[in-house]
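Worksheet: one structure, shown below.
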Amino acid sequence: MTVIDFKEIPQANTGEGNQDSFEAFTRDFLFVLGYEIIEGPSRGADGGKDLIVAEKMTGILSSTQIKWLVSCKHFAHSGKAVGTKDEIDITVRVEKFHCSGFMAFYSTLPSSGLQDTFSRLKDRINIEVIDGGRIEHLLLNEGNLIKVAARYFPQSFRNERQREIEYQFQQETMLYEYEYKVKKDEAIRQRDALGLVRAEREYKQKIELAQRKQDLASQYINGE
């Protein structure tokens, strides 16, 4: 089940003033991961590049830098894969901007034909494919990307936080139920009526506290 709904980012061809949102998201995403932004998004003819970023590769004795031409394709609204007709003259574009690598940053997936093209080009240039699945995985597992996720996917972020809150509540209640059962069984075995009452009271108090915590956390993430 996918968590991130890429359709929260507007389509690139709407002309409503936010058509650059996916490129802006790409810029912020890569910047947080440590890439240097050499050229950011711009409107108008871009000559076949959306961004240019640099990645520093550090070795034991020396370091090198890969300059990536980044191509952003946001097809999540249609759900279609990025095909060979969507990415033409890849090596020409890479050479034109004096880059050494091509980075495909897609909200969906490359088609099998385009994937074959990438495979053939790997002997000539660096190829990096960051598709929707990889983007989602990094957004959910890379702590530094939390703010990026919250900014560009606010509803998906709230939904995921809500699921985490509910899961935490379930875990707490399961623990309290287990503790209560142990204490109740012991009180019954000892024929301790007072202990039985005390165990039940403590259990109810803990459940009520956990419920209040869940409610407050839910209100916070929903801005209530």
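The values are calculated or read from the model by the stated rules, or taken from the named source; none is laboratory data. What you see is a predicted model, and the numbers here were worked out from it, not measured in a lab. Glycine also receives a Cβ, built like all others from the backbone with ideal geometry; neighbour counts cover every protein chain displayed.
State the number of residues belonging to region 123-173 that are hydrophobic (A, V, I, L, M, F, W, C) and in contact with a Pro (Cβ under 8 Å, 6 or more places away or on another chain).
Filtering region 123-173 down to residues hydrophobic (A, V, I, L, M, F, W, C) leaves 125, 127, 129-130, 135, 138-140, 145-146, 148-150, 153, 157, 165, 169.
With in contact with a Pro (Cβ under 8 Å, 6 or more places away or on another chain) added as a condition, the list becomes 129.
Residues that pass the stated criteria total 1.
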What pairs can you find where one residue is in region 151-170 and crowded, with 18+ Cβ neighbours inside 10 Å, the other is among the charged types (D, E, K, R) and part of a helix (DSSP H, G or I), and their Cβ atoms are less than 8 Å apart, with a gap of 6+ or different chains? Y152/E8; Y152/D28; F153/E8; S156/E8; F169/K213
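Among the listed residues A210, A199, which satisfies the condition of being in contact (Cβ under 8 Å) with a residue 40 or more places away in the chain, surrounded by 15 or more Cβ atoms within 10 Å (Cβ to Cβ), over 24 Å from D5 (Cβ atoms) and not assigned by TED's automatic domain parsing to the domain that holds S107? Break it down into steps so the answer makes sense when it comes.
Values: A199 fails: in contact (Cβ under 8 Å) with a residue 40 or more places away in the chain.
Answer to the check: A210.
When only residues in region 106-134 that are of a type in the set (D, E) and modelled with pLDDT of 95 or more count, which is nearest to the chain's Cα centre (by Cα)? Spell out how you get there, then give the answer.
Quick first cut of region 106-134, residues of a type in the set (D, E) only: 116, 123, 128, 131.
Filter once more, keeping what is modelled with pLDDT of 95 or more: 116, 128, 131.
Working: D116: 26, E128: 18, D131: 11 Å.
So, considering only residues that are of a type in the set (D, E) and modelled with pLDDT of 95 or more, the one nearest to the chain's Cα centre (by Cα) is D131.
Anything in region 161-193 that is of a type in the set (D, E) and more than 39 Å from the chain's Cα centre (by Cα)? List them, or say none. Walk me through how you get there before you give the answer.
Here is the first cut: in region 161-193, the ones of a type in the set (D, E) are 164, 166, 172, 177, 179, 185-186, 192.
Residues satisfying the conditions are D185, E186, D192.
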Hey, does region 10-21 have a residue that's assigned to a loop (DSSP other than H, G, I, E, B), of a type in the set (V, I, T) and either at pLDDT below 95 or assigned by TED's automatic domain parsing to the domain that holds I127 (or both)? yes
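Looking only at strands (runs of 3 or more DSSP E) that lie completely in region 56-136, which have at least 2 residues being out of contact with any helix residue (DSSP H, G or I) (no Cβ under 8 Å at 6 or more places or on another chain) and either in contact (Cβ under 8 Å) with a residue 24 or more places away in the chain or closer than 20 Å to R27 by Cβ (or both)? Let's see the steps before the verdict.
On the way: elements: 63-73, 101-106, 126-130.
Qualifying strands (runs of 3 or more DSSP E): 63-73, 126-130.
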What is the residue count in region 169-195 for residues that are β-branched (V, I, T) and closer than 18 Å to A217 by Cβ? 1
